[in-house]
Each structure stands twice: as structure tokens, then as C-alpha cells.
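Contents: one structure, followed by commentary.
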């Protein structure tokens with residue numbers, strides 16, 4: 001296709017809506033399913049510790065406080081290396097970056113199977129966080145190199161579908177592995193869980209190097225016309241953004257909006273972590289017997305979250321609005337956490353409240369992660385997205401530790417659930433009060 005000869009759209013673009021839709025559909029099917037698969041295993045390697053904990057806490061005599069600290073300490077290594085990783089990604093490309101990240105995180109996740117003491121747990125979790133650092137913000141930055149902002153929330157939501165999918169698949173799978181393989185070749189079920197969900201990441205990292213392209217200019221599977229459409233849209237968007245977005249990270253750091261986004265990042269990490277780290281424990285404590293039953297029931301909140309992500313993201317893109325599309329789901333999530341202690345001894349109502357918490361925070365998350373890319377542009381975007389993510393991750397180090405400590409001190413998860421609900425509610429109020437949204441360009 002010759003882009004200079006393409007029909008001119010009503011908005012003055014040198015191509016029509018049908019051509020743009022076909023081009024971005026091609027981009028989507030080429031890169032997004034593979035990234036979803038990678039992030040699926042990334043999140044499986046996050047949530048498997050919540051299921052493994054149901055067995056290793058007994059086998060290794062770990063308290064709730066030890067588990068909470070180990071869960072949270074993951075974010076120390078994660079936050080320290082996130083910004084350097086994204087800056088390096090901007091220089092060397094996604095292919096080399098994913099090889100490094102995915103092979104290392106797969107190995108460290110698998111090594112968790114052989115921990116014996118709290119110190120082993122803390123060290124491995126710190127190394128796992130350092131290995132994973134840069135994966136999620138790197139993918140977010142990578143998407144901005146392919147897709148304009150007006151289409152980005154939908155793409156981000158589809159990529160973020162890996163989170164609920166990992167819960168839908170991971171819960172029953174974890175329950176089955178731990179139930180069926182316990183004692184096989186002398187290993188406990190929780191050890192097989194870490195091995196079977198960690199090592200595939202190493203393979204995917206190698207595949208990523210050969211399968212992905214670093215950007216539209218380097219993609220041999222695009223025609224010249226398709227490449228021209230993407231580059232035209234991105235340049236048009238960048239021209240408009242230069243008037244209100246921050247091109248230097250120092251400029252962004254001098255504005256309140258940056259710190260609002262950082263707190264929202266903390267709230268998103270905290271809310272998702274609250275679901276992933278404590279969901280199996282809450283279900284078991286409600287009276288559900290058997291690890292397989294816990295695994296099967298744990299899929300339900302994630303299924304609701306998957307549907308909510310698509311609904312919220314599509315409506316957000318259609319309305320070109322982000323603040324309320326973050327705030328309303330976040331309020332729903334906070335309601336779930338606040339009501340959860342009342343349902344502590346009812347499996348039905350515990351799962352229902354967990355579903356509110358999950359669908360709320362998972363519905364809000366993709367909308368939030370489309371906001372930093374519009375707030376910053378040019379050189380600031382890669383470092384800024386990573387910095388917002390790393391600040392949120394560093395702050396989130398405290399949350400699992402706080403919930404675990406409160407649980408050990410009080411003998412109940414209720415105080416920790418009130419803490420989680422408060423953090424998420426504050427983020428909903430803060431985005432409405434403290435963040436000014438700029439109009440986005442409708443590129444197609």
C-alpha cells in the first residue's frame with residue numbers, strides 16, 4: 001500500500017479508518033498474544049507463592065508475619081532496578097531486555113522450591129524482584145512505541161488480562177499440582193509448583209528474542225504502508241503532546257500530577273497484591289476444606305475481573321476519559337475490602353467480597369497504566385513510567401508486611417483488610433481531586 005495515495009480521512013489523515021483498523025489489528029495479533037503469555041507466567045510466578053504458602057508455612061514453620069515480609073520484600077529488588085532496566089530497554093530494545101529478565105526470573109522462581117529458612121525465603125524473593133524489575137513498565141513503554149493513546153487503554157487492558165487469566169488458570173492448576181504431586185520423587189507439592197511454573201519463563205525469554213521486533217521501523221512483517229500509518233499516528237500524537245506533556249523527567253518531577261500517579265501506582269500494586277497474596281488464605285479461613293477446592297474457588301474473582309477490565313477499558317477509550325474510569329472501580333474494590341471481615345466465616349460471601357475487590361482493582365488498573373504515557377512524552381516516558389512503577393512497588397513493600405504483622409498480632413485478617421480498603425479508597429479520591437486530565441488526540 002502506498003500511503004501517499006491512500007484516501008484522506010475526515011480528520012485529514014492520509015489513510016482511512018478501515019486501513020488504520022486493519023493495521024492495528026495486525027499489530028495486535030502479532031505482539032499482544034505473545035506478551036499476554038509472557039505476563040501470564042510472570043503473574044503465575046507472583047501468585048504461586050500464595051498457594052504454596054498453604055503448605056510451606058506448615059512444612060517450614062513460617063508465621064503469617066514471615067510470609068508477609070517475604071511477599072513484600074520482593075518489591076525492594078523490584079523497585080531498585082526498574083528505572084535502570086527501562087532506560088536500558090530504550091537503548092537496547094525489547095528483545096535483549098526480555099531474554100535477561102525472563103530467564104533470570106524463571107530460575108529464581110524455580111529455586112524457591114529449595115528454600116529451608118526464612119532467610120532463604122527473603123533472599124530469593126529479593127532476587128526474584130530484582131530479576132523481574134523492568135518487565136511490566138518495559139512492556140507498557142513498548143506498547144507506546146506501537147499504539148497511539150486513543151487505542152492504548154484497550155490494548156493495555158487486553159495485556160492486563162494476563163492477571164485475571166493467571167488467577168483463573170493458576171488457582172486450579174496450583175491446587176491440582178500441590179494435591180496430586182505431593183511426595184512425587186521426594187518433593188512436596190509446593191516445591192513442584194515453583195518448579196513447574198518457573199522454568200517455562202526461561203523458554204519464553206529465549207523465544208521473545210527471535211519473535212519480537214524492537215519497534216515498527218524494525219518489523220519485517222509490516223508493509224511500508226502499515227508502517228507509515230503507525231509512524232504518522234505516533235508523530236501526530238507526539239506533536240500535540242509537546243504542548244502539555246513533560247519531555248524531561250525533571251520537569252515531570254516538579255508537578256503534583258507525577259506524585260498523584262505515583263500514589264495511584266502504590267494503590268494498584270497494593271490492591272492487586274492484597275488479592276493475589278491473601279485470596280487463598282481468606283478462602284481457606286472461611287471454612288473451605290482441601291487445597292484443590294481452594295484453587296477452584298479462587299478462579300471466580302479473577303473471572304469477574306477479566307470481564308470488568310475489558311468493559312472499563314473500552315468505555316474509557318470511547319469516552320477519552322481516565323479519572324472516573326479509575327475512581328469508580330477503585331471505590332468498588334475498597335467496598336469489597338471493607339465488607340470482607342463481615343463475611344469471614346462464610347465461603348459464599350467471602351468469595352463474593354473477594355470478587356468485588358478483584359473486579360474493582362483489576363478494572364481500574366489498565367486505565368491507570370494508560371495515564372503515565374499521556375502525562376510524559378519523549379525522553380521522559382521510559383524513565384517516568386518505570387519511576388512511577390518503582391515508587392509504587394517500593395511503597396507496596398510495606399503492604400504485605402503490614403497485613404501479615406496485623407494478622408499475627410490480632411489473629412485475624414480483618415485489620416489488614418481495612419488497611420487495603422483504605423489505601424484503594426484514598427487513590428480513588430486523590431485521582432479526582434489532584435489530577436488534571438489532558439484531552440487526547442483521536443487518531444482513528
*For residue 203 and residue 342, FRET efficiency with R0 = 51 Å and r from the beta-carbon atoms, rounded to 0.05?*
0.70
_I'd like the orientation of helix 323-339 relative to the chain: the angle between its Cα long axis and the longest Cα principal axis, in ° from 0 to 90, rounded to 10._
10
*In nanometres, what is the gap between the two model label sites at residue 398 and residue 410, each 7 Å from Cα along Cα-to-Cβ?*
1.7
_Please compute the length gained on full extension between residue 331 and residue 114, using 0.36 nm multiplied by the number of residues separating them and subtracting their Cα-Cα distance._
74.1 nm
_As a test of the formula, what do you get for the chain when each DSSP H run with n ≥ 4 contributes -39,500 (n - 2.57) and the sum is divided by the residue count, at 222 nm and rounded to the nearest 500 deg cm²/dmol?_
-26500 deg cm²/dmol
*Hey, what angle do you get for helix 118-132 against the long axis of the chain, alpha-carbon based, 0 to 90 degrees rounded to 10?*
10
*Rounded to the nearest 10 degrees, what's the angle between the helix 64-92 long axis and the longest principal axis of the chain, both from Cα atoms, 0 to 90?*
20
*Averaged over all directions, how much area does the convex hull of the C-alpha atoms of region 127-234 cover when projected, in nm²?*
8.9
*At 0.36 nm per residue, minus the direct Cα-Cα distance, what do residue 285 and residue 179 gain on full extension? Give it in nm, one decimal, please.*
36.3 nm
*Spatial separation of Cα centroids for region 45-94 and region 252-290, in angstrom*: 14
*Mind sorting 57, 370, 350 by how few other Cβ atoms lie within 10 Å of their own Cβ, fewest first?*
57, 350, 370
*Arrange 178, 196 by Cβ neighbour counts within 10 Å, fewest through most, would you?*
196, 178
_Area projected by the alpha carbon convex hull of the chain, averaged over all directions, nm²_ = 19.7
_Full-extension gain in nm, residue 22 to residue 429, via 0.36 nm per residue minus C-alpha separation_ = 142.6 nm
*Using a Förster distance of 25 angstrom, determine the FRET efficiency expected from the C-beta separation of residue 303 and residue 57, and round it to 0.05.*
0.40
*When the Cα centres of region 189-218 and region 303-366 are compared, how far apart do they sit, in Å?*
29
*Remind me, relative contact order of the chain in percent, using alpha carbon pairs under 8 angstrom and six or more residues apart?*
26
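Read-outs: derived from the displayed coordinates by stated rules, not from any lab. Small disclaimer: the values here were computed from a predicted structure and weren't measured. Methodologically, a virtual Cβ is constructed for each residue, glycine included, from the backbone with ideal geometry; neighbour enumeration extends over all protein chains shown.
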